[in-house]
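Report on the following structure.
The values are calculated or read from the model by the stated rules, or taken from the named source; none is laboratory data. It should be emphasised that the depicted structure is a prediction, and the values quoted were computed from it without experimental measurement. Cβ sites come from the backbone with ideal geometry, for glycine too, and all protein chains shown count toward neighbours.
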Amino acid sequence: MKSLAWALVLAGSAMAAPEAVSLFNGKDLTGWNSAKGGEPGKGWEVKDGVIHRAGGGGDLVSEKEYADFELEFEWKISKGGNSGVKYRLRKTPAGWIGAEYQVLDDAGHPNGKVADTSAGSLYEVIPAAKEKDLKPAGEWNTSKVVAKGNTLEHWLNGKLTLKIDTGSKEWAAGKKASKFAKVEGFAEAGAGRILLQDHGDEVWFRAIRIKEL
């Protein structure tokens, strides 16, 4: 009887396990707002299941907040382009601040020559791995961010590009050397929004899914 009861507990736990949900319905920008408030800017368009930053539209922020999660998304960038996906985004007196998964054409943009501003890095704080499988401008990449407590992971095309503990000495040193040095609680555990960045260049996103942990 004990084994049967334990099996039922395990089955119940499996059934209760969270599932990934889509943050983009493939048709419009439902669930997203302008970072300045109100509806998304006109520069963002949706076509054939893809979000395209075609012109100036400002940053997009998710309506919901997320604390611990696995976020997956696909992206491609224009030649020489720069963008990003931010998470654990919180509003401060200086505006929306959050950790950034760098989206970049490494070969065509100066930031690609610096490890902590190259594609897959945690922008300006923690560098991406030197060896990574980055597709060239105009081709689709698959990325994943895992945020669980103080641990952050960035993945690019199935490979881990960085893993960091926001309570570690490495994190403290990276943050101190960045423009976020004086931002209290930057990227640390806690809920925040997801942001798709308008950095002035064309960028495309699709298949945006999140699983809360």
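Within the range 99-118, can you find the residues that are touching a residue at least 40 places away in the same chain (Cβ under 8 Å) and either assigned to a loop (DSSP other than H, G, I, E, B) or under 23 Å from Ala181 (Cβ atoms) (or both)?
Keep residues of the range 99-118 that are touching a residue at least 40 places away in the same chain (Cβ under 8 Å), which gives 99-101, 103, 116.
Residues satisfying the conditions are Ala99, Glu100, Tyr101, Asp116.
Given Ala128, Ala119, Ala173, Ala107, which one is out of contact with any Asp or Glu (no Cβ under 6 Å at 6 or more places or on another chain) and closer than 17 Å to Leu71 by Cβ?
Working: Ala119 fails: out of contact with any Asp or Glu (no Cβ under 6 Å at 6 or more places or on another chain); Ala173 fails: closer than 17 Å to Leu71 by Cβ; Ala107 fails: closer than 17 Å to Leu71 by Cβ.
Only one candidate qualifies: Ala128.
If the requirement is being more than 21 Å from His52 (Cα to Cα), modelled with pLDDT under 95 and not polar (S, T, N, Q), which of these qualifies: Lys130, Lys148? Walk me through it before giving the result.
Numbers: Lys148 fails: modelled with pLDDT under 95.
Exactly one of Lys130, Lys148 is more than 21 Å from His52 (Cα to Cα), modelled with pLDDT under 95 and not polar (S, T, N, Q), namely Lys130.
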Review point. For the range 48-98, which residues satisfy the criterion of being closer than 13 Å to Trp32 by Cβ and outside any strand (DSSP E or B)?
Key: Gly57, Gly58, Asp59, Glu63, Lys64
